[in-house]
Amino acid sequence: MNQSQHVVLAAAIEGAPRADHFRVEDCPMPEPLPGQILTRIIYLSLDPYLRGVISGRHMGEGPILPGQTIPGRGIGEVVVSRADGIAPGDIVLGETGWRAHAALDVQTVRKIDPSVAPLSAHLGVLGMPGLTAWAGMLKLAEVKAGDIVLVSAAAGPVGSTAGQIARMKGARAIGLAGGPEKKRLVVEHFGFDACIDYRDPDWRAQLKAACAPGPSVYFDNVGGDVLQAALQDLAIGGRVILCGLISQYNGDAPPAAINAGLLIGKRATVKGLVVYDFYPWQEAFLAEASLWLRAGTLKMLEDRSVGLAQAGAGFARLMAGQNIGKALVAVGPEPA
Ligand SMILES: NC(=O)c1ccc[n+]([C@@H]2O[C@H](COP(=O)([O-])OP(=O)(O)OC[C@H]3O[C@@H](n4cnc5c(N)ncnc54)[C@H](OP(=O)(O)O)[C@@H]3O)[C@@H](O)[C@H]2O)c1
């Protein structure tokens with residue numbers, strides 16, 4: 001087989017991405033160089049930060065130009081190895097891009113033990129989003145029993161994991177999510193104490209009541225009006241973890257300013273979270289979280305698109321808030 005496929009940007013994206021901003025193209029099968037492996041992609045991760053990468057707004061990466069391959073993480077099976085210590089049949093996670101096959105430097109991939117958990121969990125609850133939640137809750141917020149922890153985008157992989165960890169530490173977890181189905185899942189599937197649908201006309205009153213006397217921790221995934229509301233309700237001495245700004249990723253304007261007066265009045269501590277800083281804790285996190293997952297104390301939920309051709313549509317759904325659970329693409333079969 002000397003042909004493969006990849007997904008390229010079909011046209012520059014303004015505003016919300018659509019499926020037709022992306023196009024699948026045939027390409028030559030990548031050739032691994034010495035020190036590289038050739039992988040057959042099984043799962044691709046769809047993540048909100050990719051919207052910023054595509055437009056050149058994410059930590060100095062991008063922009064992606066029309067005709068270029070969309071970047072992103074994936075899990076693949078090694079089919080050819082030209083590197084020591086890794087063999088055909090091994091499963092790896094790496095920066096594959098939206099491809100059916102990828103040639104990767106062996107130093108840039110992480111081997112996955114397929115016996116630990118379902119493979120796809122390594123892109124979500126056991127992967128970068130899970131580590132983000134773990135680091136935010138345990139290393140930055142230092143959540144403890146008695147905290148009232150408010151989490152936005154609570155049905156997504158970061159938010160749902162953050163709230164579940166808060167509960168495991170004896171805190172009360174309150175979610176914010178869009179729509180009745182997500183609201184139900186946040187409580188019934190992920191076990192939060194309560195969830196507010198921020199599209200309800202009286203969501204502000206519901207939020208105040210659910211978090212009374214005020215959240216001691218706010219884990220922000222969305223920015224904008226929801227962040228402003230959470231800061232207004234924050235308890236005196238509250239801790240705020242700024243993790244994401246998804247309500248603003250599709251716009252061109254700089255993020256809305258935070259009201260510094262509110263932070264002063266609340267004697268708040270605000271910490272910005274960048275998951276890359278916590279990669280040294282990856283193994284410790286994986287060991288702890290995979291035990292939780294196997295014991296059933298940590299739950300996951302996936303929003304799967306099937307086939308590389310559906311990656312663009314899946315990404316558009318994610319950025320429109322239509323995903324329920326970790327957004328990913330099943331590109332090829334898992335090994336038998
Ligand atoms: N700082 C870091 O290192 C780091 C690492 C990973 C992720 N993050 C951030 O964490 C956040 C959650 O990521 P995730 O991977 O768990 O994805 P996710 O929750 O599945 O993200 C998609 C969800 O965001 C919400 N959303 C989408 N568009 C929105 C809009 N215009 N306004 C408000 N909410 C909107 C929707 O949920 P609702 O329907 O519930 O609104 C949607 O389902 C993102 O902001 C991401 O960038 C940060």
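The values are calculated or read from the model by the stated rules, or taken from the named source; none is laboratory data. This is a predicted model, so every value here is computed, not measured. Cβ coordinates were reconstructed from backbone atoms using ideal geometry, including for glycine residues, and neighbour counts include every protein chain displayed.
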*Kindly indicate the residue of region 250-297 that is among the charged types (D, E, K, R), in contact with a Gly (Cβ under 9 Å, 6 or more places away or on another chain) and within 16 Å of the ligand (Cβ to nearest atom) and also modelled with the highest pLDDT among those meeting that condition.*
K271
*asked:* For the condition out of contact with any His (no Cβ under 7 Å at 6 or more places or on another chain), within 10 Å of the ligand (Cβ to nearest atom), of a type outside the set (S, T, Y) and part of a loop (DSSP other than H, G, I, E, B), what is the one hit in A145, A153?
replied: A153
_Take the conditions near the ligand (Cβ under 10 Å from one of its atoms) and either part of a strand (DSSP E or B) or of a type in the set (A, V, I, L, M) (or both) and apply them to G159. Does it pass?_
no
*Within region 270-280, which residues are surrounded by 16 or more Cβ atoms within 10 Å (Cβ to Cβ) and in a helix (DSSP H, G or I)?*
V275, F278
*Name the pairs: first residue in region 284-306 and on the phi < 0 side of the Ramachandran plot and among the aliphatic types (A, V, I, L, M), second residue more than 15 Å from the ligand (Cβ to nearest atom) and part of a loop (DSSP other than H, G, I, E, B), Cβ to Cβ under 7 Å, at least 6 apart or on different chains?*
L293/A117
_Close pairs (8 angstrom Cβ cut-off, 6 or more residues apart or separate chains): among the aromatic types (F, W, Y) in region 128-144, at pLDDT below 95 and more than 13 Å from the ligand (Cβ to nearest atom) anywhere_ = none
*Which numbered condition trips up V226, out of (1) surrounded by fewer than 20 Cβ atoms within 10 Å (Cβ to Cβ); (2) in contact (Cβ under 8 Å) with a residue 12 or more places away in the chain?*
(1)
_Any pair with Cβ under 8 angstrom, 6 or more apart, that starts in region 312-336 at a residue that is touching a residue at least 24 places away in the same chain (Cβ under 8 Å) and ends at one that is among the basic types (K, R) and away from the ligand (no atom under 15 Å from the Cβ)_ = G312/R23; G332/R40
*Out of region 151-166, which residues are out of contact with any Ser or Thr (no Cβ under 9 Å at 6 or more places or on another chain) and not small (G, A, S)?*
I165
*Can you tell me how many residues in region 136-182 are of a type in the set (A, V, I, L, M, F, W, C) and within 13 Å of the chain's Cα centre (by Cα)?*
5
*What is the one condition in (1) in contact (Cβ under 8 Å) with a residue 12 or more places away in the chain; (2) outside any strand (DSSP E or B) that L176 does not satisfy?*
(2)
